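Written out below as structure tokens is the structure these notes cover.
The values are calculated or read from the model by the stated rules, or taken from the named source; none is laboratory data. Every value quoted in this text rests on a predicted model; they were computed, and no experiment measured them. Don't worry about glycine lacking a Cβ; one is built from the backbone with ideal geometry, like all the others, and counts go over all protein chains shown.
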Amino acid sequence: MNWNDIKAFAAVAQHGGLSAAAERLDSSAATLGRHIARLEEALGQRLFDRSALGYTLTEAGRDLLAEAEPMEAAAASIARWRDGHIAERIVRISAGSWMSRLLVAHWSALHRETDPFTLAFVAAEERIDIARHRADIGIRNARPVEANLAGRALATIAFAAYRLKETHPIGWIASAAATPSANWVRVNHGHEITVEANSPRLVMELCEKGAGLAVLPCFAGDTNPQLERASDILDALTHKQWLVAHHEARHQSAVRTIIRRIEGLLKEKRSVLAGSGP
């Protein structure tokens, strides 16, 4: 028998179903289902009665749970011992200002109280060197070209022009950041720029004051109750967002866990990221 099968069995027994147990173990219902099926096959015993209401232990299942709980307690004790002897892992996430803001806004989707690691957010418009381990995970607007980096396209990011609601400014707000959206404003409306800011967040705050039109990612502009779109989606700025990690570090447990959670969050938010809805 495999300990992971018994661990999955104990979690399902304690939580009464696959979904709640999967949340507790940060796994998937399908994976836990495979563990249970394998354990039942190995034992030659049916451990649960399945129904629409959940999983109920059979008599054999109750007997096994009584044996498994001391094993689970011993494993937890070993984990606490390990955590006391191994330096805490820090997972550094590098992203632009707006994406960092989105990740922080959904902190609970990325963090569990039981996580044996710490998260560090590195918000910067310039590209952080993941190849030299200055960050563990990067979210970028282009596929990685470095040989030792792995990348996966996550979502489509759309941009539009925004203004303070019920106003019609004629000037534009420029950003000093070296980003495609800042360059677009300078190329297309350079002679109409009336104010400039050195950070994307200040650009939005100026827009909230009615200082001018601002180009923002739709997931930032559409969710701001003070702003409204002043243009259609700007196709020239639409791009894929890529999750990037070092090809070796991405297999580490802590990094792999955060990669999976970021993927889940951005998949859930794909409509607002693409400018299709709030």
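Quick notes on this one:
- Residue under evaluation residue 157, criteria (1) touching an Asp or Glu at 6+ places or on another chain (Cβ under 9 Å); (2) surrounded by 19 or more Cβ atoms within 10 Å (Cβ to Cβ); (3) of a type in the set (Val, Ile, Thr), criterion not met: (1)
- Taken as a whole, the structure leaves residue 51 outside the set of residues that are surrounded by fewer than 19 Cβ atoms within 10 Å (Cβ to Cβ) and under 25 Å from the mean Cα position of the chain (by Cα).
- Every residue from the stretch 183-210 that is closer than 18 Å to residue 100 by Cα and not in a loop (DSSP other than H, G, I, E, B): 200, 201, 202, 203, 204, 205
- Of the residues 138, 151, the single one that is modelled with pLDDT of 80 or more, closer than 28 Å to residue 207 by Cβ, within 19 Å of the chain's Cα centre (by Cα) and not assigned by TED's automatic domain parsing to the domain that holds residue 193 is 138.
- Residue count for the stretch 214-247, restricted to those that are charged (D, E, K, R), more than 20 Å from the chain's Cα centre (by Cα) and not in a helix (DSSP H, G or I): 3
- Test: residue in the stretch 230-244 that is in the same structural domain as residue 144 (by TED's automatic domain parsing), out of contact with any Cys (no Cβ under 8 Å at 6 or more places or on another chain), buried (at least 20 other Cβ atoms within 10 Å of the Cβ) and aliphatic (A, V, I, L, M): yes
- Subset of the stretch 1-60 (residues that are in contact (Cβ under 8 Å) with a residue 60 or more places away in the chain and assigned to a helix (DSSP H, G or I)): 3, 6, 7, 10
- Flag if residue 254 is small (Gly, Ala, Ser) and either in the same structural domain as residue 199 (by TED's automatic domain parsing) or modelled with pLDDT of 95 or more (or both): no
- The set of residues from the stretch 186-204 being more than 24 Å from the chain's Cα centre (by Cα), surrounded by 14 or more Cβ atoms within 10 Å (Cβ to Cβ) and within 20 Å of residue 124 (Cα to Cα) comprises 196, 197, 202, 203.
- Tally, over the stretch 210-229, of residues that are crowded, with 19+ Cβ neighbours inside 10 Å and over 19 Å from residue 141 (Cα atoms): 6
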